[in-house]
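J.: The structure is given below, and queries will be raised subsequently.
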Amino acid sequence: GLVATDTSWSKLQGTLKGGPTWTDAGGRKALGFDGVDDIVEFPTKLQDLAVPFSIALWVNPAPEQVEYADILGNHAGPHGLVMQQDGKKTNLFGFGYGDGKKYYGPGAAQQLVAGQWQHLAVVCDGEKAYFYVNGEGKSSAPAKGAFAPNLNLTFRLGQGYGQKRFFKGLLSDVRIYRTALSPAEV
């Protein structure tokens, strides 16, 4: 089957399920997700992730949106992490991670433009979680909890909850760092 390449030392290749398609959109190699059943599933439950961490990616939401979608993650209850989209609120994107008791994160952060590439980054440094869009800080919130992985669900692109909530649009160059990126690095 087709895979999404992991360029880190761990080489955890993702398996394409449901039919996400490779494309060259606007000069970017990307995966297209249909909002129905497309995901990339990785053979990890993020059990080795800890605070501090950062996530960065390029996203191009489809003009016609699903009501509520997970761009990436593996959350359930107060475990795991998620980057979400609310299509009913004009592409409002947000992020959160669980410590086993509650969720932390800047929550709803930014309304993105459909049909256009935008760079998103979340930085969790042990004190706060910061959300960036195109390199500009958009929101932050206290986030002092440790990361508690969801050991019941693998990490995915295009879905993060295990049922429905499929993302519709394009994703490119998704990265997870085991450090808090500085504003200049974002």
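The values are calculated or read from the model by the stated rules, or taken from the named source; none is laboratory data. Note that the coordinates shown come from a computational prediction; the quantities given were computed from them, not determined experimentally. Note that each Cβ is placed from the backbone with ideal geometry, even for glycine, and that neighbours are counted across all protein chains shown. These accessible areas exclude ligands, DNA and RNA; they are computed on the full protein's heavy atoms, side chains included. Shrake-Rupley method; radii C 1.70, N 1.55, O 1.52, S 1.80 Å.
J.: Quick check: anything in region 139-150 modelled with pLDDT under 90, buried (at least 17 other Cβ atoms within 10 Å of the Cβ) and in a strand (DSSP E or B)?
T.: There is at least one residue in region 139-150 that is modelled with pLDDT under 90, buried (at least 17 other Cβ atoms within 10 Å of the Cβ) and in a strand (DSSP E or B).
J.: I need every pair where a residue in region 12-32 that is open to solvent by less than 60 Å² (accessible area, probe 1.4 Å) has its Cβ under 8 Å from the Cβ of a residue that is modelled with pLDDT of 90 or more and among the basic types (K, R), sequence separation at least 6 or different chains.
T.: T23/K29
J.: Restricting attention to region 65-88, does a residue exist that is in contact with a His (Cβ under 8 Å, 6 or more places away or on another chain), aliphatic (A, V, I, L, M), within 16 Å of G160 (Cα to Cα) and touching a residue at least 60 places away in the same chain (Cβ under 8 Å)?
T.: Within region 65-88, one or more residues are in contact with a His (Cβ under 8 Å, 6 or more places away or on another chain), aliphatic (A, V, I, L, M), within 16 Å of G160 (Cα to Cα) and touching a residue at least 60 places away in the same chain (Cβ under 8 Å).
J.: Next question, about the same structure. Determine the pairs where a residue that is over 17 Å from V122 (Cβ atoms), located within region 138-157, has a partner that is acidic (D, E) with Cβ atoms under 9 Å apart, the partner being 6 or more residues away or on another chain.
T.: T154/E41
J.: Quick one: which of D99, D48 is open to solvent by 50 Å² or more (accessible area, probe 1.4 Å) and at pLDDT 90 or above?
T.: D48
J.: Identify all residues within region 16-40 that are charged (D, E, K, R) and in contact with a Phe, Trp or Tyr (Cβ under 8 Å, 6 or more places away or on another chain); write none if there are none.
T.: Passing the criteria: R28, K29, D34, D37, D38.
J.: Assess whether L181 counts as being in a loop (DSSP other than H, G, I, E, B), touching a residue at least 12 places away in the same chain (Cβ under 8 Å) and in contact with a Lys or Arg (Cβ under 7 Å, 6 or more places away or on another chain).
T.: No.
J.: I would also like to ask the following. Can you tell me which residue among P43, P106, P61 is over 17 Å from A146 (Cβ atoms), open to solvent by 10 Å² or more (accessible area, probe 1.4 Å) and under 15 Å from the mean Cα position of the chain (by Cα)?
T.: Matching residue, one of P43, P106, P61: P106.
J.: Then there's this: Counting only residues that are open to solvent by 40 Å² or more (accessible area, probe 1.4 Å) and in a loop (DSSP other than H, G, I, E, B), how many does region 64-76 have?
T.: Qualifying residue count for the region: 3.
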